[in-house]
Amino acid sequence: LSNADPSQPLSRLDRLWLAEAVRLTEEHAGLLDDAEANRRARARGGDLRQRILTRADWLARQNGLRPALLQWRQSAGLMLVGLALLALLTGSGLVFAAVGDGSRPVNVFWALGVLLGLHLLTLLGWAASFAVAGRGGALGDLWLWLSSRIARSARTAQLMPALLTLLGRQRLARWGLSLLVHGLWLLILASALLTLIALFAARRYDFVWETTLLGADGFVALTRWLGALPSLAGFPVPEPELVRASANTAPEQEAARRAWASWLLGALLVYGLLPRLVLALLCLWRWRRGLRHLDLDLDVPEYALLRERLLPATEHLGVRDAAPHSLPNPQGRGHSEHGSGALLVAIELDDRHPWPPPLPEGVADGGRLDTRQQRQRLLEQLTEHPPARLAIACDPHRTVDRGTLNLIAELARLAAATRVWLVAPPADEAVDHVRREEWRAAIGGLQIEVVDSAPLGWLETGA
Amino acid sequence: MTESVVLAVVGHTNVGKTSLLRTLTRDVAFGEVSPHASTTRHVEGARLLVDGEPVVDLYDTPGLEDAMALLDHLEQLKRPGERPDGPTLLSRFLDGPAARQRFEQEAKVLRQLMASTAGLYVIDAREPVLPKYRDELEVLSMCGKPLLPALNFVARPDNRADDWQQALSRLGLHALLRFDSVAPPLDGEKQLYESLALLTPSARPQLQRLIQDRAAQADARRRRGARLIAELLVDVAAYHILVAPDQTAADAATQTMRERVRQREQACVEALLRLYAFRLKDASAGELPLANGRWEEDPFHPETLKKVGVRLGGGALAGAASGLAIDLMVGGITLGAAAALGALAGSAAEGGRSFGPRVLAKLRGYRELTVDDPILRLLALRQQQLLQALEARGHAALDPVRLDNPAEEVWRSGKLPEPLVKARAYPEWSSLNPQPRLDAAERQAQLSALERIISQPLQSRA
């Protein structure tokens, strides 16, 4: 087989088909290596459907599905041509089998049976299988089977289920295969009709009918009955006398031959060609309409996953303003050279902690330091009268932040000696050891001593 | 295309700004989350898209830590007799040296907020309303951008959300959002975007699109989750092995069967986690059944069944202990005749592929192993609980998935749903059997029916 051009643009059906084939491959064998395909699909843009198609197209190029599809199409086309030729030959063959070469009189009813019998039988078979199983008939299956035989490769084996799944979604497979079946029969019958016309035009045939059991009346009625429909299209029905005269020996009349010949042609056209033509057109219409509605089933789980990759609901914008190498650290070094008295202050203790605790003689209450004004006031006060001992109560329930650390450092610089008291939680709450450790580490960084119980004794005596 | 809304997520340090972003982006890998202060020290963005179009840009910022000192510093920047407005004063600050030194982190936040459409001020609702938070809000409001306060950790019992609400309305911030980033309310995202739309009317159309898109996706996710569970159940229900009539063969087959059912369940767990964009290790540890993304208890252990509350009949107990029901075939007519005949009829209808071998095997005295009902019930319950837990879980959660025991009596003691009863008769519906026919139309129809049964309790919650 000739090599198919790999970059050849694909029809809509082919693109959907490839996407379905890729989906089935991934369903069975896990996701393909799709980084590049996804990138391309995102770059091409469009809605999820388009992106899936772009991705599938790219993946199919990579793993050989696309060439396989092109090759399959090519071989399917060849098969179709082969089947069409076969149909043409079959049509002419039927006629020769039915009417022979003119050396012997033609048995009209026998000939009609040969011309239309197989056609009617397969038509019935098609109708039955179409109604029951929704399939396109055995001939269609044969074509699929043959074409997959010819393009024999592992990839093609993956393509067929994909096509059937895809078409099955719109129940299209049966219309497509039916179209094929009726199209082929149309060819067979058209070829038969033309061959018959040609033979009747160029040769002389005598027509008889024969019977062993039946009477002439039955044949008269049958002739009239079969000729009724074609007569509407202008094909004459042989007269009863003519029918009777044609029993067993052919009448030597020009009119009789012509009447039988056109009766035969009419029956072939009306009972053979016309039904197949109508059905082929119906199938063609349904096939076209179905193709237009054919689409990916975006609800399948595989596509839900792909949605995340191809049409992400979020994307990273990256770092816009980078982190500094180091954060400014509050400096704790240094303390006042001298001071007098002892002071206890509280930073951001919430209302769960009663404040201040009962204070011993000589220890002053610096109050709560929550607002800027309170802080400002205390800092000014300490600058003027530095304390000898300063205890700062903190609630380790808070997150240690730079603002608090700065304040503690600033206070410590104004006192001769400083301790930070990490207040215990109210009795009904568990101790958050992680937070306490963080506080210890942060305050330790300021080189200030941390205590867990109220340093009232230290404040009072300095020991 | 309209401009996308730029939203700066701001707040004190360690209040869960990055967590909120993770939950909104459904991305567990965004930024870094820890219980320590100053975890995020840079400004990082994530974009929310609808059908590939950017709609909202979210920016995570470092925590504010020293707003009081910054306010003092800003006071100093005012020239005597001058009353500059907020943005003017802030640009003066941002151009100055302090914005590169002591207040570098604060400067990053303010710069980002000034470049944004609006700010989302995240609050740890467990904290008391301290003056430093008011100072933060004062500094932030100088940017001249609308601020939407979002109360995080409102799902904790010790929250002070009401205090915060009062304090914020005193500051003139009446729109308030309660959004727990660990256990977000089911319509939390919708509320957030709706509140934002009220604050920034120009962004309304985009936000409306985002709300619709996210709702549609949540619904689709739920249905897909139910589908995954339905597939697991059908796979296990239709799973069967024919074994030669001797004990060793039966034991070996039992082992194989258990192992494959375990693997199949694990595959479903992983698919569900993937569907909800969680990593395996996110669903892990502790007292919980899911450890490192696995169920700890073996489905074939009777204790497991008891725990989940699947009732066992007296006779069923023996079968459940082995986990497998043994269907003895005697000359083609079975003890469980109905099921077997159904199976034969089923395979005949499906094209007769396995018709011949099964009948032959049974005539030769082979026995059929299938997975017992209680195991199916257990799998159904466990996976549904996982799905519900995933539904209600934010991407910021650091603790493992916690499972309650919802009253799903259908699965505990009722009749098995019809699709599963049917699946028993169709071995080719199970991907665990050789030569499965997974796209058989009837299988798909039964899967859809089962999917509806599974997603029902979820929908009524949503």
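With K and R counted +1 and D and E -1, the other residues having a Cβ less than 11 Å from that of A:Ala346 yield a net charge of -4. Here's the picture: charge each Lys and Arg Cβ at +1 and each Asp and Glu Cβ at -1 in chain A, and of A:Gly266, A:His397, A:Ile52 the one pushed furthest to the positive end of that dipole is A:Gly266.
Net charge near A:Glu36: determine it from the other residues with C-beta under 13 Å of the C-beta of A:Glu36, scoring Lys and Arg +1 and Asp and Glu -1. Result for the local shell: +4. So, counting K/R as plus one and D/E as minus one, what does the shell of residues with Cβ under 13 Å around B:Gln191 add up to? Counting the neighbours of B:Gln191, the net charge comes to -1.
Please identify every one of the GluC sites (Glu not before Pro) in segment A:238-288 that sits in a loop by DSSP and has no more than 13 other beta carbons within 10 Å of its own beta carbon.
Those satisfying the criteria are A:Glu252.
Taken one residue at a time, the phi angles of segment B:237-248 give Karplus couplings (6.51, -1.76, 1.60, θ = phi - 60°) of 5, 8, 5, 8, 10, 8, 10, 5, x, 9, 5, 4 Hz. Gly and Pro are set to x. Each residue of segment A:77-132 gets 66 Å³ once the volume of the Cα convex hull is shared out per residue. Here the dipole of segment B:191-272 is about 500 debye; that uses its Cα centre as origin and unit charges on the Cβ of Lys and Arg (positive) and Asp and Glu (negative).
Residues B:Lys415, B:Lys78, ranked from the fewest to the most other C-beta atoms within 10 Å, line up as B:Lys415, B:Lys78.
Rg/Rh, computed from the Cα trace of segment B:90-214 with Rh as the Kirkwood radius, has the value 1.00. Counting Cβ atoms of other protein chains within 10 Å of each Cβ in B:62-71 and taking the mean gives 5. May I ask for the distance between the Cα centers of segment B:35-104 and segment A:388-463, given as a whole number of Å? Value for the Cα centre distance between the two parts: 29 Å. If you average the sequence gap of Cα pairs under 8 Å that are 6 or more apart and divide by the length of segment B:1-106, what percent do you get for the contact order? Here the relative contact order equals 27 percent. Here chain A is assigned +1 on the Cβ of each Lys and Arg and -1 on the Cβ of each Asp and Glu. Its dipole about the Cα centre then comes out at about 2660 debye.
Any idea what % of Cα-Cα pairs in segment B:80-156 are farther than 22 Å? That tail contains 31 percent of the Cα-Cα pairs. If you take the Cα centroid of segment A:166-184 and the Cα centroid of segment A:259-289, the two points sit 19 Å apart. Counting beta carbons within 10 Å around each of B:Leu71, A:Leu123 and listing the fewest first gives the order B:Leu71, A:Leu123.
Listed cross-link partners B:Lys132/B:Lys190; B:Lys108/B:Lys145; B:Lys108/B:Lys190 are compared with a 20 Å cut-off, the Cα-Cα value being larger for B:Lys132/B:Lys190; B:Lys108/B:Lys190.
Working ranking of peptides B:141-152, B:97-108, B:375-386 by packing, defined as the average number of other Cβ atoms within 10 Å per residue, highest first, is B:375-386, B:141-152, B:97-108.
With kT/(6 pi eta Rh) evaluated at 20 °C and eta = 1.002 mPa s, and Rh the Kirkwood radius from Cα pairs, segment B:22-98 diffuses with a coefficient of 137 µm²/s according to Stokes-Einstein. The mean number of partner chain beta-carbon atoms within 10 angstrom of a residue's beta-carbon across peptide B:48-55 is 4. Taking the fewest neighbouring Cβ atoms within 10 Å as the starting point, the ordered list for A:Ser246, B:Ser91, B:Ser455, B:Ser38 is B:Ser91, B:Ser38, B:Ser455, A:Ser246. Comparing A:Ala216, A:Ala313, A:Leu115 along the charge dipole axis of chain A, the residue lying farthest to the positive side is A:Ala216, per the Cβ-charge model. Here the scattering of segment A:247-403 is modelled by Debye summation over its C-alpha atoms, one equal scatterer each and no solvent; at q = 0.11, 0.13 Å⁻¹ the log10 of I(q)/I(0) is -0.79, -0.90. With the highest mean first, a sort of the peptides B:225-237, A:12-24 on other beta-carbon atoms found within 10 angstrom per residue produces B:225-237, A:12-24. Centre-to-centre separation between the Cα atoms of segment A:339-366 and those of segment B:143-195: 35 Å.
Take the Cβ-Cβ distance between A:Ile197 and A:Ala131 as r, set R0 to 30 Å, and report the resulting FRET efficiency rounded to the nearest 0.05. Taking R0 as 30 Å, the efficiency between A:Ile197 and A:Ala131 is 0.30.
Protection proxy ranking for A:360-370, A:340-350, using the average of other Cβ atoms within 10 Å per residue and placing the highest first: A:340-350, A:360-370. When +1 charges are put on Lys and Arg Cβ atoms and -1 charges on Asp and Glu Cβ atoms, the dipole computed for segment B:1-158 relative to its Cα centre reaches about 160 debye.
Rule-based calculations on the coordinates, nothing more; no lab input. The model shown is predicted, which means the values in this text are computed figures rather than measured ones. Virtual Cβ from ideal backbone geometry, glycine too; neighbours counted across all protein chains shown.
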